[in-house]
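Okay, so here's the structure we're looking at.
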Amino acid sequence: MLKKILVTYDTSKPSENALTFALTFAKELREKREIIVLYVLPETPYPLHLSQRKILKSEKTNELITFEQYMKDLSKEMKLDSKKMLEKKVKAIESFDNVRFRTEVIYGDPAKEIINYSLSNQIDLIIIGNTGLKGFSKIKSLGSVSRSVIENAKVPVIVVH
């Protein structure tokens, strides 16, 4: 029944707790499970009037590049670094015969992308931390992302403090 478990991760303490809970939960079920650890990088908005101006030097070629190209290069680097961080995190977790891990890094609005990912990948359960990295939501028991996921998910959601 619960073969594919999606755990959202953003390096916050609640997301660390969600990952630990997911591992314990999957281990207790004793059947083969797949845990997908998903990190959604928010897109960085920038003023359109800067997009085509050659105002920055490329770190790779040392030539002037457009701000848009700089942002694309930065996004690729962030995604690669995030993927490495997730893979290192998963390797550090004790492995169990019945649990297989996979890591995914995507861009977009975190709540929307978590929902879209769960729908397009036949996820059976979402495990999410109650709040994320945004300091504003720390004063509430639920952050905006976890609240939106709970309200819009088509599968069960477990919220971990």
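The values are calculated or read from the model by the stated rules, or taken from the named source; none is laboratory data. Just so it is clear, the structure is predicted and the values come from calculations on it, not from any experiment. Note: ideal-geometry Cβ built from the backbone for every residue, glycine included; neighbour counts use all protein chains shown.
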May I ask you to say which residue of Arg102, Arg53 is out of contact with any Lys or Arg (no Cβ under 9 Å at 6 or more places or on another chain), farther than 22 Å from Asp10 by Cβ and of a type outside the set (Gly, Ala, Ser)? Arg53
Going through Leu38, Leu74, Leu56, Leu29 one at a time, which residue ends up being touching a Leu at 6+ places or on another chain (Cβ under 8 Å) and over 25 Å from Gln122 (Cβ atoms)? Leu56
Quick test for you: out of Ser75, Ser144, pick the one residue that is at pLDDT below 90, hydroxyl-bearing (Ser, Thr, Tyr) and over 17 Å from Arg33 (Cβ atoms). Ser144
Output the residues belonging to segment 62-110 that are of a type in the set (Gly, Ala, Ser) and either more than 30 Å from Arg30 (Cα to Cα) or in contact with a strand residue (DSSP E or B) (Cβ under 6 Å, 6 or more places away or on another chain) (or both). Ser75, Ser82, Gly108
Per the list (1) surrounded by 13 or more Cβ atoms within 10 Å (Cβ to Cβ); (2) over 15 Å from the mean Cα position of the chain (by Cα), residue check on Gln122 breaks on (1)
Output the number of the condition that Val99 fails; it satisfies all remaining conditions of (1) farther than 22 Å from Pro156 by Cβ; (2) modelled with pLDDT under 95. (1)
